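The next block holds one structure in the form of C-alpha cells; read it before the comments.
Bear in mind that the values in this text are calculations on the coordinates, not laboratory data. Only a predicted model underlies this, so the values are computations on that prediction, with no experimental measurement involved. Quick reminder, even Gly has a Cβ in these numbers, built from the backbone with ideal geometry, and neighbours come from all protein chains shown.
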Amino acid sequence: MRRLCELQDAHVVDAQGRRLGCVLEFRSPGRAETEPVRDEREIRSLLCGRRGLLERLGWKKARPFLVPWSHV
C-alpha cells in the first residue's frame, strides 16, 4: 500500500505507454477540506496533464483529463 503523497507528481502513462502528464490532484466526492483529516476518503480519480493544470488555475473550458481510480 502506498500513501497518496507518494503519487503526487508521479508520471501517468496510458496502456500503450504514452505519457499523459503528472498527477496534480486527487478527486473524491464531498466538500473540499481545508485542514488535514485522518479519516479515510474514497478517491475516484486523478487529475493530470496540462488541461488539469489549466483547470486548477481556474480556466473552466479546459476539460481536464481525469484517470479513474479503477484504472490505477
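Couple of notes before you dig in:
- Figure legend: label point modelled 7 angstrom from the Cα of K61 along Cα→Cβ; no residues of the stretch 1-30 have amide N under 16 Å from it.
- Amide H partners (placed H, <5 Å) of R44, local residues excluded: R27, S28
- Using a simple spin-label model with pseudo-atoms 7 Å out from Cα toward Cβ, A10 and E35 lie 3.0 nm apart.
- When the helices of the chain are scored as -39500 (n - 2.57) per DSSP H run of n ≥ 4 and the total is divided over every residue, the value at 222 nm lands at -4000 deg cm²/dmol.
- Seen from a random direction on average, the alpha-carbon convex hull of the chain projects onto 5.6 square nanometres.
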